[in-house]
Amino acid sequence: MSLQIDKATSTCTIEQNGRVFRSALMDAQVVTDPDVRMSELRIEGTSMHITEAQAEELIILGAQDDRSNLFVDD
């Protein structure tokens, strides 16, 4: 699995098992996977876990930020 972010075309691409999924950054969604407590990128019917640095970059470039904070203070 790999993630490519193309600032020139405002797109991102995920490659998984030889298949390529491409999306406009404004259509990409960054969410939180509660099972592993990691950010996840969702595009074109697929998803992949991403680093926090990648999540921030995608959001700055226009992806939707739908992450949630899973830690609750007492």
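Worth a mention:
- Among the residues of segment 1-31, the one identified as in contact (Cβ under 8 Å) with a residue 24 or more places away in the chain, loosely packed, with under 11 Cβ neighbours inside 10 Å and in contact with a strand residue (DSSP E or B) (Cβ under 6 Å, 6 or more places away or on another chain) is Met1.
- Contact map, segment 35-54: first residue under 20 Å from Val20 (Cα atoms) and in a loop (DSSP other than H, G, I, E, B), second residue acidic (Asp, Glu) and modelled with pLDDT of 95 or more, Cβ cut-off under 9 Å, separation 6 or more or different chains; pairs are Glu44/Asp27.
- In segment 55-67, residue most open to solvent (accessible area, probe 1.4 Å) [restricted to those that are at pLDDT 95 or above and in a loop (DSSP other than H, G, I, E, B)]: Leu61
Conditions (1) within 10 Å of the chain's Cα centre (by Cα); (2) of a type outside the set (Gly, Ala, Ser), marked per residue:
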site	(1), (2)
Gln16	no, yes
Ser23	no, no
Ala28	yes, no
His49	yes, yes
Glu56	yes, yes
Ala63	yes, no
Ser68	no, no
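The values are calculated or read from the model by the stated rules, or taken from the named source; none is laboratory data. Everything quoted here is computed from the prediction, not taken from an experiment. Cβ coordinates were reconstructed from backbone atoms using ideal geometry, including for glycine residues, and neighbour counts include every protein chain displayed. We work out accessible area using only protein heavy atoms, side chains counted, and drop any ligands, DNA or RNA first. Shrake-Rupley method; radii C 1.70, N 1.55, O 1.52, S 1.80 Å.
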